[in-house]
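**Student:** Quick one: structure below, then a few questions.
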Amino acid sequence: MGLVGTTEMFQKAYEGGYAIGAFNVNNMEIVQGITEAAGELNAPVILQVSAGARKYANHTYLIKLVEAALIENPNIPIALHLDHGADFDICKSCIEDGFTSVMIDGSKYSFEDNIALTKQVVDYAHDHGIVVEGELGQLSGIEDDVNVSDEDANYTQPDQVEEFVGRTGVDSLAIAIGTSHGAYKFKPGQKPMLRFDILDEVSKRLPGFPIVLHGASSVLQNYVQIIQDHGGNLKDAIGIPEDMLRQAARSAVCKINIDSDLRLALTAGVREVMWDHPEIFDPREYLKVGRANVKEVVAHKITEVLGCEGKAAEMSK
Ligand code: G3H
Ligand code: 13P
Ligand code: ZN
């Protein structure tokens, strides 16, 4: 089986009340850690590439690493997705180079401009058999220093979603319900909160339509603690509680994006080895520990959060 799109994954996830993990890839160890876990647990998986990943690792290397993972894990469906595509040209170039799914992120534009840009990408992508994720509403970080009424304005407005999906033809929609990118999602002492009322309203208006959650790392405290105990400084790093993500995965949310948790796991492994064994200078010695942590996190997500363990079996090969 070659790289697949996400249509069947999302349809099965919607019907089955689970979600597919979309994990960001930046190097070989991350690709290996994710796909070894998914392969062993027979779980479909989305590997996604950001503009920052392309800048760091080079587009061609990342594509070839993902192709290698596919050869090593022939039992599972793997989709290669562009994360946060900023404009038409990046989406076009990824489609030409073999990506099976792209995101066009027009969320920072006005409603009309977002629709125009998203539709331009959808028309091109669909002509080439590729699916498109759009975004309505803006995720914010606590560092953005927004006040409550500004935050309200950033949430996805449910009364816009039918028009957005209808006029653009997107295949899935990322919405803003209180998640945010990075490791500092809530202020210390603040009760983590997601707007499930908005999610419910969106899914009522778009029955059967796959919803995407960005900024969905839990910022696993065991890795934060290892980093803190080995010379790091991640004070007050807080993520989305896992029970909230499980609740989302059971609903219309079919794709859950995870990057920060992989970064933390990898960093914890590398820091632990370097701190405890200052004599080590062979990169394989610390990267293999980081890679094992990435695998452990992904296995945990698949079994305890996403609910997609074994679901590769129900997808066409
Ligand atoms: O959406 C953000 C992802 O975590 C990717 O982050 O742009 O630093 O690669 P990045
Ligand atoms: P986290 O920073 O919560 O892992 O979010 C990643 C993401 O949304 C990638 O698009
Ligand atoms: Zn994102």
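The values are calculated or read from the model by the stated rules, or taken from the named source; none is laboratory data. Just so we're clear, the structure is a prediction, and the values are computed from it rather than from any experiment. Neighbour counts are summed over all protein chains in view; Cβ atoms, including those assigned to glycine, are modelled from backbone coordinates with ideal geometry. Ligands, DNA and RNA are stripped out before the accessible areas are found, and what is left, the full protein with its side chains, is counted by its heavy atoms. Shrake-Rupley method; radii C 1.70, N 1.55, O 1.52, S 1.80 Å.
**Student:** Among the listed residues 243, 261, identify the single one that is in a helix (DSSP H, G or I), under 21 Å from residue 21 (Cβ atoms) and touching a Ser or Thr at 6+ places or on another chain (Cβ under 6 Å).
**Tutor:** Selected residue: 261, the only one of 243, 261 that is in a helix (DSSP H, G or I), under 21 Å from residue 21 (Cβ atoms) and touching a Ser or Thr at 6+ places or on another chain (Cβ under 6 Å).
**Student:** Taking the options 67, 72, name whichever one is acidic (Asp, Glu), in contact (Cβ under 8 Å) with a residue 60 or more places away in the chain and either within 16 Å of ligand 2 (Cβ to nearest atom) or open to solvent by 10 Å² or more (accessible area, probe 1.4 Å) (or both).
**Tutor:** Sole residue among the options that is acidic (Asp, Glu), in contact (Cβ under 8 Å) with a residue 60 or more places away in the chain and either within 16 Å of ligand 2 (Cβ to nearest atom) or open to solvent by 10 Å² or more (accessible area, probe 1.4 Å) (or both): 67.
**Student:** Within the stretch 92-134, track down each residue that is without any contact (Cβ under 8 Å) to a residue 12 or more places away in the chain, closer than 19 Å to residue 164 by Cα and of a type outside the set (A, V, I, L, M).
**Tutor:** 109, 110, 112, 113
**Student:** Anything in the stretch 12-51 that is out of contact with any helix residue (DSSP H, G or I) (no Cβ under 8 Å at 6 or more places or on another chain) and either outside any helix (DSSP H, G or I) or free of Cβ contacts under 8 Å to residues at least 24 places away in the same chain (or both)? List them, or say none. Don't jump to the end; show me each part of the working.
**Tutor:** Initially, the stretch 12-51 is screened for residues out of contact with any helix residue (DSSP H, G or I) (no Cβ under 8 Å at 6 or more places or on another chain), giving 14-15, 22, 48, 50.
Within the stretch 12-51, 15, 22, 48, 50 qualify.
**Student:** Let me ask you something else. If you check every pair at least six apart or on different chains, which have Cβ atoms under 9 Å apart with a residue in the stretch 167-183 that is closer than 17 Å to residue 119 by Cα first and a residue that is within 16 Å of ligand 2 (Cβ to nearest atom) and assigned to a helix (DSSP H, G or I) second?
**Tutor:** none
**Student:** Among the candidates 197, 159, 113, 89, which residue alone is modelled with pLDDT of 95 or more, in a helix (DSSP H, G or I), open to solvent by 80 Å² or more (accessible area, probe 1.4 Å) and within 27 Å of residue 220 (Cα to Cα)?
**Tutor:** 197
**Student:** Taking residue 284, is it of a type outside the set (Asp, Glu), modelled with pLDDT of 95 or more, in a helix (DSSP H, G or I) and surrounded by fewer than 14 Cβ atoms within 10 Å (Cβ to Cβ)?
**Tutor:** yes
**Student:** In the stretch 288-317, how many are open to solvent by 50 Å² or more (accessible area, probe 1.4 Å) and among the hydrophobic types (A, V, I, L, M, F, W, C)?
**Tutor:** 2
**Student:** Could you check the stretch 239-271 and list, in sequence order, the residues that are away from ligand 1 (no atom under 16 Å from the Cβ), open to solvent by less than 60 Å² (accessible area, probe 1.4 Å) and either farther than 27 Å from residue 209 by Cα or among the hydroxyl-bearing types (Ser, Thr, Tyr) (or both)?
**Tutor:** If the condition is that a residue be away from ligand 1 (no atom under 16 Å from the Cβ), open to solvent by less than 60 Å² (accessible area, probe 1.4 Å) and either farther than 27 Å from residue 209 by Cα or among the hydroxyl-bearing types (Ser, Thr, Tyr) (or both), then 251, 268, 269, 270 are the ones that fit.
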